[in-house]
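The values are calculated or read from the model by the stated rules, or taken from the named source; none is laboratory data. Please read these numbers as outputs of a predicted model, since none were measured by experiment. Here the Cβ is made from the backbone with ideal geometry for all residues, glycine too, and neighbour counts use every protein chain on show.
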Amino acid sequence: MKNDNIGKYLNDFESLIDTPYMSLDKIEWWLLKYADFHSEITTYYRDNNISYSPNSDLEAHPLYPIIINLHSFLDFYHSLNEISEYVRRESYFMEEIKEYHRLKDVQHESKEWLIKNLKFGLGPYPQFIADANAFGNEEMIVINEQPDVIFYLLRDDFSFTLEFIEIFEELFFEKGLLPEELEGFWERVGK
């Protein structure tokens, strides 16, 4: 596997940051530029029976000197891809918010809406809203995925995602509209 891209990928990304806020188009461009390299790494991992999971302990792996940099690249690539997925879901969340406001006064229909959206409300999106609110800034979201790489995203680019999660959390956690699902959730997370 040719690894000319190791070390270069962060420099390329940082060179795209030319305003206080990172452009979502530039993130998409970077993902496209490094998609083949990502594919090469995943093929290399598969061919060498190397499993990938973020924050895994690699030091015990016999190929540690080789894969530590590859693993860092995968972590960064996946974090940017996750941001890209949030953007792609904005229109879905916009429609779901409209649907919720249309039926919110009927408890049975609100429950159906919750059930339909469990995978989003209990998936990675709540962590995203926690990260988005961590700095209490009304204009931006601070992303710090790699050492020495900090960039900012406009909150407005994710307004429907953030509103959707707020609605979901209010119905699911605060109002407890699905008590059996809520109980199962707490059992899965070990509380």
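Looking for something farther than 30 Å from GLU170 by Cβ, at pLDDT below 90 and surrounded by 16 or more Cβ atoms within 10 Å (Cβ to Cβ) - is there at least one such residue anywhere in region 30-38?
Quick first cut of region 30-38, residues farther than 30 Å from GLU170 by Cβ only: 30-38.
Narrowing further to those that are at pLDDT below 90: none.
No, region 30-38 contains no residue that is farther than 30 Å from GLU170 by Cβ, at pLDDT below 90 and surrounded by 16 or more Cβ atoms within 10 Å (Cβ to Cβ).
If the Cβ limit is 8 Å and pairs must be 6+ apart or interchain, which residue in region 174-191 that is within 29 Å of VAL106 (Cα to Cα) pairs with which residue that is at pLDDT below 70?
GLY176/LEU182
Would you mind telling me which numbered condition in (1) more than 16 Å from the chain's Cα centre (by Cα); (2) at pLDDT 85 or above; (3) among the small types (Gly, Ala, Ser) GLY136 fails?
The one condition GLY136 does not meet is (2).
Can you confirm whether PHE76 is within 23 Å of GLU170 (Cα to Cα), at pLDDT 80 or above and part of a helix (DSSP H, G or I)?
When the stated conditions are applied, PHE76 does not pass them.
The rows are residues; the columns are (1) surrounded by 15 or more Cβ atoms within 10 Å (Cβ to Cβ); (2) farther than 25 Å from ILE141 by Cβ; (3) without any contact (Cβ under 8 Å) to a residue 12 or more places away in the chain.
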{"site": "ASP47", "(1), (2), (3)": "no, yes, yes"}
{"site": "PRO54", "(1), (2), (3)": "no, no, no"}
{"site": "ILE67", "(1), (2), (3)": "yes, yes, no"}
{"site": "ARG88", "(1), (2), (3)": "no, no, yes"}
{"site": "GLU95", "(1), (2), (3)": "no, no, yes"}
{"site": "LYS104", "(1), (2), (3)": "no, yes, yes"}
{"site": "GLN107", "(1), (2), (3)": "no, yes, no"}
{"site": "SER110", "(1), (2), (3)": "yes, yes, no"}
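Within region 103-125, is there a residue that is acidic (Asp, Glu) and at pLDDT below 70?
no
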